[in-house]
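Scroll down for the structure; my scribbles are underneath it.
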Amino acid sequence: MSNPAEAMTELLTDTSTDLSGERATIHETLAKHRMLLRFTVAELSDADARRRPTASALTLAGIVKHVADVERGWVDFILTGVVEGADDWERLAEAGDERDDFALDDTDTLESLLARYSEIAARTDELVATVDLDLSHPLPPAPWFPEGGTWSARQVFAHIIGETAQHSGHADIIRESIDGHKSMG
């Protein structure tokens, strides 16, 4: 397994983008957190990627699936103003229930989930480079959003970064519980 510091140095010295300023910052930050998640799940078997070695119900494969789905959903929001499945959020919150966005299908493999995540990331990266960062849409009704609130593309990208970073941390704990591998230490 390669060293995360070397992978990070390679990532941060990548000059393949012509972005600058705020767009470059968004792109680089997303890329960094995606790389940390990918590094955390590197060289795992599908069986280990499906293990639940902690008290949490989360698995590494489930985290990759969730992070990819969240990114895709919020990018769709930037483009259409609609978040798929958001019409269930209020009902589920009122019932004390949650969607299981981390659930795996029998056909999900770590390799297939990572490939799908790469496709979604490439689409997001294209949007980071081109979308009007001030483009805004009303947020869907949900207990965790202010009533009548809106998010700009900029705010959506910040949310995707936050989701990716948070779940990369979860993944790091799960991976360390499986085989002692640490992403950053």
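Brief remarks on what is shown
- Taking other Cβ atoms within 10 Å as a rough exposure proxy, Val128, Val67, Val75, Val83 sort from fewest to most as Val83, Val75, Val128, Val67.
- Here Glu43 and Leu19 are evaluated by their C-beta separation; at R0 = 30 Å the FRET efficiency comes out at 0.45.
- Cut-off 14 Å between beta-carbons: net charge of the residues surrounding Val41, Lys and Arg +1, Asp and Glu -1: 0
- At full extension, Thr80 and Thr130 could sit 16.5 nm farther apart than now, given 0.36 nm per residue minus the alpha carbon distance.
- Counting neighbouring beta carbons within 10 Å and listing from fewest to most, the residues Glu176, Glu126 come out as Glu126, Glu176.
- Cβ-based exposure ranking for Asp48, Asp100, Asp76, in which fewest neighbours within 10 Å come first: Asp100, Asp76, Asp48
- Taking a sphere under 10 Å around the Cβ of Ala129 and counting the other residues whose Cβ falls inside, with K and R at +1 and D and E at -1, yields a net charge of -2.
- Length gained on full extension, His181 to Glu28: 52.6 nm, using 0.36 nm per residue less the C-alpha separation.
- Convex hull projection area averaged over all views, region 122-166, Cα basis, nm²: 3.7
A short reminder: the numbers here are calculations on the coordinates, not readings from a lab. Here the structure is a predicted model, which means the values were calculated and not measured. Every residue, glycine as well, gets a Cβ built from its backbone with ideal geometry; the counts of neighbours run over all protein chains shown.
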